[in-house]
Amino acid sequence: MTKKYKWIDKELQIIKEISKGKPERRKKMLKDYEDKGWTDRDTWSLDYTIAQFVLPRLKRFREVASGCPGIFCPIDDNGKPMKGRGIPKDGMKHWHKLLDEMIVGFQLMNDGNQFLGSKEDYKKMNKALDLFREFFFDLWW
């Protein structure tokens, strides 16, 4: 197993484990995985599958993003940032704070707290989803 393809090896191991003694099931799952890149197993708890997909990418996005949504970087009538050139520090700081809130919420989802979490956990998860929806089209750099 190479580090580059660790996720593929993990997925194939899961398929192997849940289809033990069921060759037809294994055959179908492997074909689905080959054709689509996923199996019906991923739809059993789609919320969890999506949270698993989003979390590591959101963490990396926070590390590499070099800008923030325009609402955090007001511009003047000439289309230039009001606080000089580039992104105001407080704009990036606020953006990182919101990304951190999303990350915390998605981490709670990945940890299974959508089933047994506290009221505070539910608030954080819902806040993360609200922010994710609100800034969905700003998740690029």
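Just so you know, all these numbers are worked out from the coordinates, no wet-lab data involved. On a predicted model such as this, the values are computed, not experimentally measured, just so you know. Cβ sites come from the backbone with ideal geometry, for glycine too, and all protein chains shown count toward neighbours.
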*Would you mind computing, in nm to one decimal, how far apart the modelled labels at GLU24 and GLU63 are, each placed 7 Å from Cα along Cα→Cβ?*
4.5
*Can you sort SER66, SER19 by how many other beta carbons sit within 10 Å, fewest first?*
SER66, SER19
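Per 0.36 nm of contour for each residue apart, how much would the distance between THR49 and LYS123 grow if the chain were fully extended, relative to their Cα-Cα spacing?
Once the chain is fully extended between THR49 and LYS123, it gains 24.6 nm.
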*Unit Cα scatterers, Debye sum, region 45-138: log10 I(q)/I(0) for q = 0.13, 0.14, 0.22 Å⁻¹*: -0.50, -0.56, -1.05
_Estimated vicinal HN-Hα couplings, Hz - region 58-73 in sequence order (Karplus 6.51, -1.76, 1.60; Gly, Pro = x)_ = 5, 4, 5, 4, 4, 5, 9, 4, 10, x, 9, x, x, 5, 8, 9
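Counting only other residues whose beta carbon sits under 13 Å from that of LYS123, what net charge do I get with K and R as +1, D and E as -1?
-1
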*Given the Cα-Cα distance of ASN78 and ARG133 and 0.36 nm per residue of separation, how much length would full extension add, in nm?*
16.8 nm
_Where a label projected 7 Å from the Cα of LYS10 along Cα→Cβ would reach, residues of region 92-112 with amide N under 13 Å_ = 110-111
